[in-house]
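**Student:** Below: one structure in structure tokens.
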Amino acid sequence: MDFDERIDRRGSHSVKWDMMETLYGVPADTGIAMWVADMEFRPPAAIQKALENMTAHGLYGYFGDDRAYLGAIRWWMEHRHGWDVAPEWIFTVHGLVNGTALCVDAFTQPGDGVVLMTPVYHAFARVIRAAGREVVECRLAEEDGRYVMDFDAWEAQLSGRERMLILCSPHNPGGRVWSVEELRRVADFCVRHDLILVSDEIHHDLVYPGQRHTVMPLAAPEILNRLVMLTAGTKTFNIAGAHCGNVIIPNPALRAGFAGRMAALGISPNSFGLFMVTAGYSPEGADWVDGLMAYLDGNRTLFDSRINAIPGLRSMKLEATYLSWVDFSGTGMSTDEIHRRVQSDAQIAANHGATFGAGGESFLRFNIAAPRAQVEEALDRMARAFSDLQ
């Protein structure tokens with residue numbers, strides 16, 4: 001677990017590093033990539049060993065007999081989250097953006113509204129609009145420096161055309177771990193408005209000390225008949241390129257509908273992803289995650305203290321994820337000026353807040369899942385880029 005090791009990813013076909021100059025104008029040779037949500041750490045050794053065993057065997061045919069894979073998922077959910085998952089509930093998709101798109105396809109019709117609590121992960125809106133559905137942006141409120149759900153405002157906002165709500169739990173980009181009471185209110189909201197609830201919980205293993213994530217089936221078991229759970233080991237173990245995610249559906253009728261769309265689109269899993277996830281969902285993988293979160297907690301503390309020392313900048317306190325959400329509104333600068341200082345002066349690629357929907361316009365999202373020395377270098381650059389404010 002050498003999280004301090006610096007690994008050069010330039011030229012490795014990494015979206016995060018090899019596309020930042022094209023998309024952000026940040027020089028490939030001197031820039032720091034802090035945008036895409038993957039980590040700068042090697043995954044658990046058990047995952048690397050699983051891949052080495054595959055290559056040693058030397059044959060790469062179709063995957064069969066998924067009992068160990070499904071058993072690993074069930075073990076992880078029970079031991080890490082206290083949730084008993086039946087194997088027949090589990091579908092394997094090509095990552096959770098794909099899983100989200102399949103849910104939109106299976107459970108809504110063109111023209112239907114899909115509710116998002118914004119600002120929120122930008123890929124949700126992208127797949128909803130691409131499918132010809134309407135994005136209904138229910139904006140999160142902010143209290144005491146963190147996001148809260150504004151149900152009173154949302155009640156007045158819905159038109160009756162909505163058929164689905166996609167929840168991000170824990171929240172990306174705000175880093176909230178929603179309380180059991182908040183999750184119960186989400187469930188009640190979905191029942192009253194007859195909405196399918198898709199709960200994307202991809203960050204559920206990345207929770208900081210002092211916080212506890214509760215999976216939706218345990219927070220609100222009354223919602224099971226309209227619940228679709230999205231989980232994955234890809235964020236947990238830094239294996240996003242495996243494109244392997246779980247769509248878990250307790251309700252048999254919803255399950256049949258989803259299975260029909262999977263069959264119609266000819267979707268079957270990638271064997272590399274299945275071997276990697278099976279290896280990660282293990283006691284060794286659990287130890288690695290515990291070490292990871294202790295390290296990220298140090299990065300979080302460092303990043304917050306340095307960013308918040310710059311007048312006009314404010315970093316939301318992360319309860320989960322490794323994605324820091326920084327508000328620049330206190331600088332009084334235009335968005336263009338903020339982007340120029342971060343991208344040209346500091347030479348850092350960070351996600352633009354407006355892409356996360358209403359409420360994100362004054363923010364940038366920074367990925368802090370990197371060796372501490374790299375995070376410190378980025379913070380030094382940010383301090384110099386905004387030195388006139390200090």
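**Student:** Does ALA56 satisfy the condition of being hydrophobic (A, V, I, L, M, F, W, C) and touching an Asp or Glu at 6+ places or on another chain (Cβ under 6 Å)?
**Tutor:** Answer is no for this residue.
**Student:** Name, by its number, the condition in (1) out of contact with any strand residue (DSSP E or B) (no Cβ under 8 Å at 6 or more places or on another chain); (2) closer than 16 Å to MET382 by Cα; (3) touching a residue at least 12 places away in the same chain (Cβ under 8 Å) that does not hold for GLU361.
**Tutor:** With (1) out of contact with any strand residue (DSSP E or B) (no Cβ under 8 Å at 6 or more places or on another chain); (2) closer than 16 Å to MET382 by Cα; (3) touching a residue at least 12 places away in the same chain (Cβ under 8 Å) applied to GLU361, the lone miss is (2).
**Student:** Here is a further query. Can you tell me how many residues within segment 1-45 are part of a loop (DSSP other than H, G, I, E, B), open to solvent by 30 Å² or more (accessible area, probe 1.4 Å) and among the aliphatic types (A, V, I, L, M)?
**Tutor:** Start the filter on segment 1-45 by keeping residues that are part of a loop (DSSP other than H, G, I, E, B), which leaves 1-14, 19, 25-31, 34-44.
Right, trim to open to solvent by 30 Å² or more (accessible area, probe 1.4 Å) and you get 1-2, 4-13, 19, 25, 27-30, 36, 42-43.
Among the residues that remain, those that are also among the aliphatic types (A, V, I, L, M) are: 1, 7, 19, 28, 36.
The total comes to 5.
**Student:** Considering only segment 338-362, how many residues are within 19 Å of ASN308 (Cβ to Cβ) and open to solvent by 10 Å² or more (accessible area, probe 1.4 Å)?
**Tutor:** Residues in segment 338-362 being within 19 Å of ASN308 (Cβ to Cβ) and open to solvent by 10 Å² or more (accessible area, probe 1.4 Å): 3 in total.
**Student:** For segment 59-147, please list each of the strands (runs of 3 or more DSSP E) lying entirely inside it that holds at least 1 residues being within 19 Å of PRO170 (Cα to Cα) and in contact with a Cys (Cβ under 9 Å, 6 or more places away or on another chain).
**Tutor:** Because the criterion is at least 1 residues that are within 19 Å of PRO170 (Cα to Cα) and in contact with a Cys (Cβ under 9 Å, 6 or more places away or on another chain), the strands (runs of 3 or more DSSP E) in segment 59-147 that meet it are 113-118.
**Student:** Can you name every residue in segment 236-257 that is open to solvent by 10 Å² or more (accessible area, probe 1.4 Å) and of a type in the set (S, T, N, Q)?
**Tutor:** ASN238, ASN251 - these are the residues of segment 236-257 that are open to solvent by 10 Å² or more (accessible area, probe 1.4 Å) and of a type in the set (S, T, N, Q).
Let's see how each residue does on (1) of a type in the set (A, V, I, L, M); (2) closer than 21 Å to ALA256 by Cα; (3) open to solvent by 20 Å² or more (accessible area, probe 1.4 Å):
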position: ASP65; (1), (2), (3): no, no, yes
position: MET77; (1), (2), (3): yes, no, no
position: ASP84; (1), (2), (3): no, yes, yes
position: GLU88; (1), (2), (3): no, yes, yes
position: HIS94; (1), (2), (3): no, yes, yes
position: THR100; (1), (2), (3): no, yes, no
position: THR108; (1), (2), (3): no, yes, no
position: VAL120; (1), (2), (3): yes, no, no
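**Student:** Follow-up question, since we're still on this one. Determine, yes or no, whether VAL228 is among the hydrophobic types (A, V, I, L, M, F, W, C), over 14 Å from the mean Cα position of the chain (by Cα) and crowded, with 24+ Cβ neighbours inside 10 Å.
**Tutor:** yes
So that you can scan it fast, the table gives a plain yes or no per residue for (1) open to solvent by 10 Å² or more (accessible area, probe 1.4 Å); (2) of a type in the set (Lys, Arg); (3) at pLDDT 95 or above:
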site	(1), (2), (3)
ARG139	yes, yes, yes
VAL148	yes, no, yes
ILE166	no, no, yes
SER169	no, no, yes
PRO173	no, no, yes
VAL180	yes, no, yes
ARG185	yes, yes, yes
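**Student:** Take the residues in segment 259-275 that are part of a helix (DSSP H, G or I), surrounded by 13 or more Cβ atoms within 10 Å (Cβ to Cβ) and not aliphatic (A, V, I, L, M); name whichever of them is nearest to the chain's Cα centre (by Cα).
**Tutor:** Taking the candidates together, the pick is GLY273.
**Student:** Quick check on this structure: which one of MET293, MET262 is in contact (Cβ under 8 Å) with a residue 24 or more places away in the chain, farther than 30 Å from GLY210 by Cβ, out of contact with any Lys or Arg (no Cβ under 8 Å at 6 or more places or on another chain) and hydrophobic (A, V, I, L, M, F, W, C)?
**Tutor:** Sole residue among the options that is in contact (Cβ under 8 Å) with a residue 24 or more places away in the chain, farther than 30 Å from GLY210 by Cβ, out of contact with any Lys or Arg (no Cβ under 8 Å at 6 or more places or on another chain) and hydrophobic (A, V, I, L, M, F, W, C): MET262.
**Student:** Pairs, please: C-beta under 9 Å, at least 6 apart or cross-chain, first residue without any contact (Cβ under 8 Å) to a residue 40 or more places away in the chain and in segment 103-120, second crowded, with 21+ Cβ neighbours inside 10 Å?
**Tutor:** From segment 103-120, the pairs are PRO110/ARG133.
**Student:** Could I ask something else about it? Among THR278, THR301, which is the only one that is in contact with a helix residue (DSSP H, G or I) (Cβ under 9 Å, 6 or more places away or on another chain) and either open to solvent by 20 Å² or more (accessible area, probe 1.4 Å) or in a loop (DSSP other than H, G, I, E, B) (or both)?
**Tutor:** None of the other options fit; the residue is THR278.
**Student:** Could you tell me whether any residue of segment 317-330 is part of a helix (DSSP H, G or I), surrounded by fewer than 20 Cβ atoms within 10 Å (Cβ to Cβ) and more than 17 Å from the chain's Cα centre (by Cα)?
**Tutor:** To start, the set of residues in segment 317-330 that are part of a helix (DSSP H, G or I) comprises 329-330.
Subset that is surrounded by fewer than 20 Cβ atoms within 10 Å (Cβ to Cβ): 329-330.
Okay, now just the ones that are also more than 17 Å from the chain's Cα centre (by Cα), so 329-330.
Yes, because at least one residue in segment 317-330 is part of a helix (DSSP H, G or I), surrounded by fewer than 20 Cβ atoms within 10 Å (Cβ to Cβ) and more than 17 Å from the chain's Cα centre (by Cα).
The values are calculated or read from the model by the stated rules, or taken from the named source; none is laboratory data. Worth saying up front: this structure is predicted, and the values here are computed from it rather than measured. FYI the Cβ positions are ideal-geometry reconstructions off the backbone, even for glycines, and counts take in every protein chain you see. Each accessible area value is taken on the protein alone, full model and side chains, heavy atoms only, with ligands, DNA and RNA left out. Shrake-Rupley method; radii C 1.70, N 1.55, O 1.52, S 1.80 Å.
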